[in-house]
Amino acid sequence: MYETLDRLLDGPPPGAPERELVDWISRLEAVKCRAEAVQAEASVRLEEAARARQTKAGVPARKLGEGVASQVALARRVSPARGAKLLGLAKILLTEMPHTLALMKAGLFSQWQATILARETACLSLDDRRVIDHELCATGSNGKPAKAMSMGLRQLENAAKKLAITLDQASVVARAANAEKDRRVSVRPAPDTMTWLGALLPVKDGVAVFAALDQAANAARAAGDERSRGQVMADTLVDRVTGRETGAKPRIEVKIVMTADSLANTSDQPALVEGYGPVPASWAREALADAEVFVRRLFTDPAGQLVAMESRSRKAPDGLAEFITTRDSGICRTNGCDAPIRNIDHIERHADGGETSAQNLQGLCERCNQAKEALGWQARPGPDGSITTITPTGHVYTSPPPDTWGQDPPPLSRAEFTLRDVLLDQTLAA
């Protein structure tokens, strides 16, 4: 089996005809689906084994299973939040949706398709969920393919919603009413020093916000505004939320980290906006020129690692926490986790709780901070600023040190430029 899989993953031979290339793509897609099904089974067995170990060790019932989702996340190289969702989906597939799992094992159904079905049937009873699982994913008695196999993602979602409403309309309505508590606003980086600002709102509120912005765009365009409709809507949103429209100037803190040379316009080493990521130095200088600026000095060692922060606070822990957040770029230190830092906690613990120092502290999201409290988890700080995490199964994951903020390297000499070009030409020729 492994030899066959290895041959498949080696890829098609050079000069393969188009028909054969399509067959390769199809076979590889089937392998992906089957692999995701096996990963689901392994994840559920891992949780069962962890619970048994924790029970034997006397862990309280409410804490059984802690840390398993984070182990799944590390193994699959995704965020802990994603790991928790994958573990939840795995348990549903193995215990409540046998036909969906069977399609995945046959290489005919993807993990994302299974996620859609699980999501749209989450509010139903076990019996009703199994009805939908059979209706959409069971193979007909005459060998007819499952209905879901011919559906696109939107069709699959709509079919599951329609069946859910038919089986238990009250549960679907109650779920919709309860969903309002999940309303929130989020921000994530976009290319070219832009961001995606999103809001999860009830339908009536979301439509009302968009209608108000659309109305503002129509009025501006009718008055001869040369901005596009999208530009007017975006500017209006910022104006109204920040108070810029009324001339108000609320104090909003945006942290920009950059070297002294970049700030003085003698270097173009990228700056860092906490909560976003790297930005061009010229952009950062322009942003600072129009803002009320407070400069706080950060100190680095010869290797460029941040080691201290000038602080005017009389409470050292508060200043230290702020420094750790800045040092770790505002992002959780766990491998694969992109969540913002919410907790500052010790890396290595001792009898007294651990030394409270920059070398023994890390920034973590809430989920990762809770996971590392589970039985069998260990962490060790490295001399270079890295953090080594050891899971209960003995697997080792190393988080590299944060980005350095050392001085720019000296510019290349003419001879070094020539050598670089020669090496580049040789690489391209190879």
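The values are calculated or read from the model by the stated rules, or taken from the named source; none is laboratory data. All figures in this text were calculated on a predicted structure; none of them were measured in a lab. When we count neighbours, we look across all protein chains shown, and the Cβ atoms used for this are built from the backbone with ideal geometry, even at glycine.
Exactly one condition in (1) under 29 Å from the mean Cα position of the chain (by Cα); (2) in contact (Cβ under 8 Å) with a residue 12 or more places away in the chain; (3) under 30 Å from Glu66 (Cβ atoms) is not met by Arg119; state its number.
Tallying (1) under 29 Å from the mean Cα position of the chain (by Cα); (2) in contact (Cβ under 8 Å) with a residue 12 or more places away in the chain; (3) under 30 Å from Glu66 (Cβ atoms), Arg119 fails exactly one: (2).
Inside the stretch 340-371, can you point out the residues that are at pLDDT 85 or above and assigned to a loop (DSSP other than H, G, I, E, B)?
Ile341, Arg342, Cys365
Being within 14 Å of the chain's Cα centre (by Cα) and either at negative phi or surrounded by 21 or more Cβ atoms within 10 Å (Cβ to Cβ) (or both) is the filter here, so list the residues in the stretch 318-347 that pass it.
To start, the set of residues in the stretch 318-347 that are within 14 Å of the chain's Cα centre (by Cα) comprises 330-341.
Matches in the stretch 318-347: Ile331, Cys332, Arg333, Thr334, Asn335, Cys337, Asp338, Ala339, Pro340, Ile341.
Which of the helices (runs of 4 or more DSSP H) contained wholly in the stretch 1-102 include at least 2 residues that are farther than 30 Å from Leu156 by Cα and either charged (D, E, K, R) or not assigned by TED's automatic domain parsing to the domain that holds Trp377 (or both)? Can you show your working first?
Numbers: elements: 2-9, 18-56, 68-76, 80-96.
Ranges flagged: 2-9, 18-56, 68-76.
Can you find a residue in the stretch 141-154 that is charged (D, E, K, R) and touching a helix residue (DSSP H, G or I) at 6+ places or on another chain (Cβ under 6 Å)? I'd like the intermediate steps shown before the answer.
Filtering the stretch 141-154 for residues charged (D, E, K, R) gives 144, 147, 154.
From what is left, the residues that are touching a helix residue (DSSP H, G or I) at 6+ places or on another chain (Cβ under 6 Å) are 147.
Looking for residues that are charged (D, E, K, R) and touching a helix residue (DSSP H, G or I) at 6+ places or on another chain (Cβ under 6 Å), one finds at least one in the stretch 141-154, hence yes.
Are any residues in the stretch 132-178 touching a residue at least 12 places away in the same chain (Cβ under 8 Å), over 12 Å from Leu117 (Cβ atoms) and of a type in the set (A, V, I, L, M, F, W, C), and if so, which ones?
Within the stretch 132-178, Ala138, Met149, Leu167, Val172, Ala174 qualify.
For Ala114, are the conditions met, namely being surrounded by 21 or more Cβ atoms within 10 Å (Cβ to Cβ), assigned to a helix (DSSP H, G or I) and at pLDDT 95 or above? Show your work before the answer.
Working: surrounded by 21 or more Cβ atoms within 10 Å (Cβ to Cβ): yes; assigned to a helix (DSSP H, G or I): yes; at pLDDT 95 or above: yes.
Criteria met by Ala114.
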